[in-house]
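Coordinate-derived values only; no laboratory data. Here the structure is a predicted model, which means the values were calculated and not measured. Note that each Cβ is placed from the backbone with ideal geometry, even for glycine, and that neighbours are counted across all protein chains shown.
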Protein chains: 4
Amino acid sequence: MAVTGSPELLIVMSAHATPEEVEHVVDRLAEAGADAHVTPGREATVIGAIGERDALAALPLEGYPGVEQVLPILKPYKLVSRELSPDPTVIEVRGRRIGDDAFGLVAGPCTVEYREQTLETARAVAQAGSTMLRGGAFKPRTSPYTFSGLGEEALTILVEAREETGLPIVTELMDPRHVEAVLEHADVIQIGARNMQNFTLLSEVGRADKPVLLKRGPAASIEELLMAAEYVVKEGNARVILCERGITTFERATRYTLDISAIPVLKQETHLPVIVDPSHAAGRRELVLPLARAAVAAGADGIIVEVHPRPEEALCDGPQQIPVADFPDFADEIRTLAHLMGRQIG
Amino acid sequence: MAVTGSPELLIVMSAHATPEEVEHVVDRLAEAGADAHVTPGREATVIGAIGERDALAALPLEGYPGVEQVLPILKPYKLVSRELSPDPTVIEVRGRRIGDDAFGLVAGPCTVEYREQTLETARAVAQAGSTMLRGGAFKPRTSPYTFSGLGEEALTILVEAREETGLPIVTELMDPRHVEAVLEHADVIQIGARNMQNFTLLSEVGRADKPVLLKRGPAASIEELLMAAEYVVKEGNARVILCERGITTFERATRYTLDISAIPVLKQETHLPVIVDPSHAAGRRELVLPLARAAVAAGADGIIVEVHPRPEEALCDGPQQIPVADFPDFADEIRTLAHLMGRQIG
Amino acid sequence: MAVTGSPELLIVMSAHATPEEVEHVVDRLAEAGADAHVTPGREATVIGAIGERDALAALPLEGYPGVEQVLPILKPYKLVSRELSPDPTVIEVRGRRIGDDAFGLVAGPCTVEYREQTLETARAVAQAGSTMLRGGAFKPRTSPYTFSGLGEEALTILVEAREETGLPIVTELMDPRHVEAVLEHADVIQIGARNMQNFTLLSEVGRADKPVLLKRGPAASIEELLMAAEYVVKEGNARVILCERGITTFERATRYTLDISAIPVLKQETHLPVIVDPSHAAGRRELVLPLARAAVAAGADGIIVEVHPRPEEALCDGPQQIPVADFPDFADEIRTLAHLMGRQIG
Amino acid sequence: MAVTGSPELLIVMSAHATPEEVEHVVDRLAEAGADAHVTPGREATVIGAIGERDALAALPLEGYPGVEQVLPILKPYKLVSRELSPDPTVIEVRGRRIGDDAFGLVAGPCTVEYREQTLETARAVAQAGSTMLRGGAFKPRTSPYTFSGLGEEALTILVEAREETGLPIVTELMDPRHVEAVLEHADVIQIGARNMQNFTLLSEVGRADKPVLLKRGPAASIEELLMAAEYVVKEGNARVILCERGITTFERATRYTLDISAIPVLKQETHLPVIVDPSHAAGRRELVLPLARAAVAAGADGIIVEVHPRPEEALCDGPQQIPVADFPDFADEIRTLAHLMGRQIG
């Protein structure tokens, strides 16, 4: 096919590259169906490569003799990019919406501990006007000596909570062997931060027909988050919600550093909705409201927070869960600020 | 003197510490006038030290044989701590206020480049209701090949801008030998991020009778920022404004990662006002408004932003400066959100 | 049972904690079978908790009213700790050894690309005296548009390479559904950096009877690496090799920052062997030898490096693979330095 | 003048840039005496700029309308670069050498505390064959409540130690107003990590005729370290020794993360000698030897370590100082390894 357009890549040759090395790169590009624009120079020759993204990605350019660096000009993702689809994606589940003018308030316990705890929380978050109910059935835990979730029993409790409140349920998938059980019960499948680059899971949920809530890994760049989303969308599932939940930095006053800038950056780069998890970022209850407010003001499409009837007895992440009794005020504060930003809780 | 109260420090002895090593620690504590509470155990003995902070700080406890770790229970700062002074400090300069219900909108060019650029900007930010005018006279630059400010000439231009607009002026002090010139002209002395631990400068401004705007270093923890403020206050100058401006992380989509959580954490820990610099954190103009909004919503006492008549010609940080023409709308957005948070621009 | 010994945890109560809140904590500890040593004070009361690790880990102490912080005194891992087993663990596979005086030189292609590439590399690394052959069959890739490995076909090629050279083979397991295939062919199962906290996989390999090579995640602390190893050992598989391969930092001159200090720290903390992957840390061939040397000198029990007949044609990580032709010299350098450190290549 | 050679910069225009915006960039480049090579494209036009480094650095290219990113092709430093001067720089002071085949062993107390402590240490490190004596007179301290050095009195003690042992002395300069006192007494002026970007100090020592030991800031990239060195060299002082001493990361098992990869990277980029400070990186004595060994093996030109007669009584950094009694063995280990690397202690 005819190749036109701008360079995908700029290949900077080293100052000591020979003409043969330059020619070798140009020949390899030609074999891959790409055009090469050579800008020769005394110190460093630069080659612009114009061609098909996939063909260029397959070339081991950085390994060629004489190549100093390869600078990508186009982004490594395309299906999730704002250029492809300027209109914002809206995720709709059981009549609830996240994206565009619909702000998502997702709330619920860190973990489903027992039936009454989950139902009491579900009623409270539904009553306060939430968009969806979150709750962990399978929990990743850093230490092997801590509680790791009720598993399928938790899914049954969540379904009961949905039947009573009408709220769609969001729960995490950790193991590809649980795909069927989770898909059967959940409305939105969460991929946790530690699994953001578990490509096995990403491919599985890419073939599912349920929306995916994809959390950013604590050491993943914004670009890597978008590439992880691209994995899911490439398999056919375009309903992905991105979630910023804090990155690993040197600061220890908070569990993670909430990367608030990721929100406007992601809104610029992608058409997918972007929500924020202030509970995990902060690790402390008294920071959840200010961080949730900051997320709304920065332009997030929603927040996901942890709520518990008695956080002091929670089996998991007690210090960061909002007491059920405080949740109505919390929801009101968020609602008011979302209005000011032109959003309705969806 | 009689020592009462809670332990300042917990000293955890190693599992292999001998009784003599435990006794040695207890003896050293006693010599320093501190009490020791020993909790012996089969694996690790823990010693609680109760005494005067300064006396304990002078003991090289971690170097004593048998000591595994020393855990500070009390904070390493006191004059700046919220415990000492529960009421928020308000900084007042020429009738303008920052702190408590007064939100500070500090704006102006990155650098004073020439008279007209500065006056035009000053008029615009005054017109839009700003609290203070910022402008660099002496500029720290990473590369020795870039513009480093007009120096004392810039101070004269800033004074002219103040005379015309009435806005107090904020400018950076980099060299202790410029103290007199800067103190003579400026209303608020800025200590830049790279100088946050320049203890020479901190002591100098601690003896000045002008408020200090202290920026967080890009690799400094929140605790280190508070200790830097303690340096200033300890010398006698209690008028310190803290400024979060982004920390160094692995993320490269933004110049720094704005640590939005630092705002509620600092508001909890200290009585000093806390403002945010979204321009330097982001490095890109289109992120300045969302980050500024996030700062207001997170509870900041003010923001400091860069404004330029023609950012595309700016000698410094062009991409992050707000055009003068866009500033009125920017100020209106901030004002509206500050109102919602119960603040007036001071 | 009778509880003796040192405190597991120190619980620091807030300055405003009431006597009832202190009592509440003590009561909860008692219910969990733990003893409480209370050191009261005017500002902060400290409670030392002495009891069974698992029972204490299950208590949501940080959520109790009045609790300011919980300081663990004992390490959150035990089976992998040096205290439990002062003698170094030696991993022996098909007569090859890693640990104690046996230094492991693990080498091979990043990915099994085709039969001849793998066999040629295997012969060269065997000839140069390597301990094991590495090679990827299933590859995690950040972008969905790049080569992700030959899968089971690659396992067959690796087995052929083992038959010819006698070298045990190390290959990565990414998906719990591949456990049987990988266990059937591989001698050592690698858990990749991105899966270090894939607890599903950790439990699976914990039940396998093959040694596990566990790579540190790029954002995982040394303590988290040890807890991940504890997951594996707790399931019954004590043959774990730890691997430092670089962490995510702000520095961009290298792909990751090799945490060389992790080696002496890990050797102090655990009896498990610790090896280093300089290829992935550096991302550039010319850094592999200096970093490999540094690893030996810092006390590592082995290194794992990537080797390719023609790195410039490699489908994966070309720039960091050592050419087959250069490998004998590389191996000689490592051997000489290992001798100086009192080690033999195992 | 005629401009030839390779592009200094590649300017990538946004996909929506107009022809006028491209022309505007080309015109600005022409005014600055630079040539522009335009590679037009459907999606993104790329402009290669060929011209004088200083002229291009002065252009606010990133602020021009339509510019998406500016990619520097040449390095932002030149005087310190390996290209400029392929032969390694050797720093010679009072007959002692660091660089090329001369390995520098710099040792001494963290801080000069009193005369006998310093003299005893100086004798021991001289006896063990060290290259230079280090010792702090003015100490930067994170907390205002800790010991900050004896100041000029310490300089006198160091001079006495030099007279007795013949070792050149290295001491830190923190305040430009101390330049004369420090220059009068010291042989090598240290710029501490916190002052790496104190451009006031860099310029001062750039005009001195004493060698400078420049420590990397804990959040400074390798490129920023080289630019800081460029500041010094640009003022006329070409005798700069670079020092890696650990960077700030999320890992807390060590005080800083020693960036061992910085050594081979710096050796590739610059002709200046590169030494390593394992004491400050580790913060713990038992890690100093393994890290020092790693530094030698990675190709460092020297190490700088802290030694104290009785570290448990040290007023500063006790836990990381090597006892005088252990130093001879330490020096022997380093000497043996340096020999293997083809170096003599200078």
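Bridge orientation summary for the stretch C:91-345: considering DSSP beta bridges with both residues in this region, about 15 percent are antiparallel.
Structure remark: mean-square fluctuation, Gaussian network model of chain B, C-alpha springs under 10 Å; the largest value among B:Val240, B:Val93, B:Val276 belongs to B:Val93.
Grab the DSSP H runs of the protein assembly as shown that are 4 residues or longer, score each as -39,500 (n - 2.57), total them, divide by all residues and round the 222 nm result to the nearest 500 deg cm²/dmol. Result for the protein assembly as shown, helices only: -9500 deg cm²/dmol. Once you reduce the stretch B:205-282 and the stretch D:237-289 to the center of their Cα atoms, the two points are 27 Å from each other.
Per the Kirkwood treatment, what hydrodynamic radius in Å, one decimal, follows for the stretch D:92-230 from the mean inverse distance over all distinct Cα pairs? Each step should come with its number before you reach the end.
Values: mean 1/r = 0.0649 Å⁻¹.
15.4 Å is the Kirkwood radius here.
Here r is the Cβ-Cβ distance between C:Asp87 and D:Ser14 and R0 is 51 Å; the resulting FRET efficiency, rounded to 0.05, is 0.25.
A Förster radius of 22 Å, combined with the Cβ-Cβ distance separating B:Glu153 from D:Glu31, puts the computed FRET efficiency at roughly 0.30. Remark: mean inter-chain Cβ contacts per residue of B:217-228 equal 5, using a 10 Å Cβ-Cβ cutoff to other protein chain atoms.
When the listed pairs B:Lys210/D:Lys78; B:Lys139/B:Lys267; A:Lys78/B:Lys139 are checked against a 32 Å cut-off, the alpha-carbon distance exceeds it for B:Lys210/D:Lys78; A:Lys78/B:Lys139. Cross-link partners of A:Lys234 among aspartates and glutamates, defined as those whose alpha carbon lies under 12 angstrom from its own and excluding same-chain residues fewer than eight positions apart: A:Glu204. Using every pair of distinct Cα positions in the protein assembly as shown, the Kirkwood expression returns a hydrodynamic radius of 32.8 angstrom.
Here the stretch B:9-72 is assigned +1 on the Cβ of each Lys and Arg and -1 on the Cβ of each Asp and Glu. Its dipole about the Cα centre then comes out at about 160 debye. May I ask you to list the aspartates and glutamates whose Cα is less than 17 Å away from that of C:Lys75, ignoring any residue fewer than eight positions away on the same chain? Here the aspartates and glutamates satisfying the reach criterion relative to C:Lys75 are B:Glu43, B:Glu68, C:Glu8, C:Glu52, C:Asp54, C:Glu83, C:Glu223, C:Glu224, C:Glu230, C:Glu269, D:Glu251. Between copies, C:Ala325 shows label-point distances of 5.6, 6.1, 7.7 nm, shortest first, with the point placed 7 angstrom from Cα along Cα to C-beta. Note on the stretch C:34-174: antiparallel DSSP beta bridges, both residues inside, total approximately 65 percent of the bridges counted. For chain A, modelled as a Gaussian network with Cα springs under 10 Å, which listed residue fluctuates most, A:Leu158, A:Leu315, A:Leu202? Looking only at A:Leu158, A:Leu315, A:Leu202, the biggest GNM fluctuation is shown by A:Leu315. The distance separating the Cα centre of the stretch C:43-115 from that of the stretch A:63-123 comes to 34 Å.
Could you tally the net charge around D:Glu153, taking each other residue with its Cβ under 12 Å from the Cβ of D:Glu153, Lys/Arg +1 and Asp/Glu -1? Kindly include the intermediate steps, with their values, before the conclusion.
Numbers: positive: D:Arg115; negative: D:Glu113, D:Glu152, D:Glu160.
Here the charged neighbours net out to -2.
Couplings 3J(HN,Hα) of the stretch D:330-343, computed from phi: 4, 4, 5, 4, 5, 4, 4, 5, 4, 4, 4, 8, x, 10 Hz, in residue order, whole Hz [Karplus 6.51 cos²θ - 1.76 cosθ + 1.60, θ = phi - 60°; x for Gly and Pro]. Computed over chain B with a Gaussian network model linking Cα atoms closer than 10 Å, the most mobile of B:Val26, B:Val274, B:Val170 is B:Val26.
Distances, shortest first, from the label point of D:Leu84 to those at the same position in the other copies read 4.7, 4.7, 5.6 nm; the point lies 7 Å along Cα to C-beta.
Applying the criteria of a DSSP loop state and at most 16 other Cβ atoms within 10 Å to the chymotrypsin sites (Phe, Trp or Tyr not before Pro) of the stretch C:98-200 yields C:Tyr114, C:Phe147. The ellipsoid equivalent to the alpha-carbon distribution of the stretch D:9-72 has semi-axes of 18, 11, 10 angstrom, derived from the gyration tensor eigenvalues as √(5λ) and listed largest first. Of the peptides D:215-225, D:172-182, the order by per-residue mean of other Cβ atoms within 10 Å, starting with the highest, comes out as D:215-225, D:172-182. Dipole magnitude for the stretch C:100-139: about 180 debye, using +1 per Lys or Arg Cβ and -1 per Asp or Glu Cβ, origin at the Cα centre.
Does chain B come out rounded, prolate or oblate by the C-alpha gyration tensor, with a ≥ b ≥ c the root eigenvalues, rounded set by a/c under 1.5 and, if not, prolate when a/b is larger than b/c and oblate if not? Prolate shape, in that a/c is at least 1.5 and a/b is the bigger ratio.
For a test of the definition: using alpha carbon positions, the gyration tensor, and the 1.5 limit on a/c, classify the stretch D:50-166 as rounded, prolate or oblate. Oblate.
Taking beta carbons within 10 Å but only from partner chains, what does the mean come to for residues C:61-67? Walk me through the numbers before you get to the answer.
Working: counts 3, 9, 14, 5, 2, 1, 3.
Going residue by residue through C:61-67 and averaging, the value is 5.
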